[in-house]
Amino acid sequence: APVARILALIFSLGGDGVGGCGYLTRGWPYGPICKDSQDGAEENKEDTDRLRDALHQGARKKFDPIGELMEIKMNFLFVVFLAPVMPLGLLPTVVARLLEVRFKATKLLFVRQHDWPQTAELLHATQDGFTHFACFLAVVWHCGLALVTFNRSVHSWGGGTILGLWVAAVAGVYAALYLMSVLVHRVARCL
């Protein structure tokens, strides 16, 4: 039972909701639910179940949408920057991310405490800016890797030559991406 309490406190329960370290020694802090005898009314099972569910909801860790989005962003950076280093690592990473995204709803509904609804403007604005900046850096990173790692004579070049070729390669890739974007927008207008 102590191991189960430790694991529950680490992974599932919020320390504030169950009394912190007191939960480890004493267990569940809430006693049995019973109606006060002064009311004279009988206990209603539905009310008791609702109260028990509310206590369990309050004991859980809060679901943090911003933290979940940050985790997805960190994984995106991991994949974008390390894919050229170990391309076969993409397959297990993509499978793991797909499974994780599928289980986020379960995590929200059954494992974590529900959060008050808030506007998603901050999440969308940061996601858009993050994606543009990460893709910009990814192009620079991939061009640099292609220029340096797959070139056997790079050691004989000067630093200025390497930097100039790197900037030219990045500019060429961005020009191609821009032209493709313009072409897609024109085709979309025609349809």
Response to the item:
For residue 61, the lone unmet condition from (1) touching a Pro at 6+ places or on another chain (Cβ under 8 Å); (2) modelled with pLDDT of 75 or more is (1)
Worksheet, complete the sentence: If you go through 137, 91, the only one that is assigned by TED's automatic domain parsing to the domain that holds residue 79, under 28 Å from the mean Cα position of the chain (by Cα), more than 30 Å from residue 59 (Cα to Cα) and not β-branched (Val, Ile, Thr) is 91
Worksheet item: Among (1) exposed (fewer than 11 other Cβ atoms within 10 Å of the Cβ); (2) of a type in the set (A, V, I, L, M); (3) touching a helix residue (DSSP H, G or I) at 6+ places or on another chain (Cβ under 9 Å); (4) not in a loop (DSSP other than H, G, I, E, B), which single condition is residue 101 missing?
Response: (1)
Worksheet item: Just to be sure, is residue 105 out of contact with any His (no Cβ under 7 Å at 6 or more places or on another chain), at pLDDT below 80, among the aliphatic types (A, V, I, L, M) and under 25 Å from residue 79 (Cα atoms)?
Response: yes
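The values are calculated or read from the model by the stated rules, or taken from the named source; none is laboratory data. Only a predicted model underlies this, so the values are computations on that prediction, with no experimental measurement involved. Heads up, the Cβs are rebuilt from the backbone with ideal geometry, glycines too, and the neighbour counts pull from every protein chain shown.
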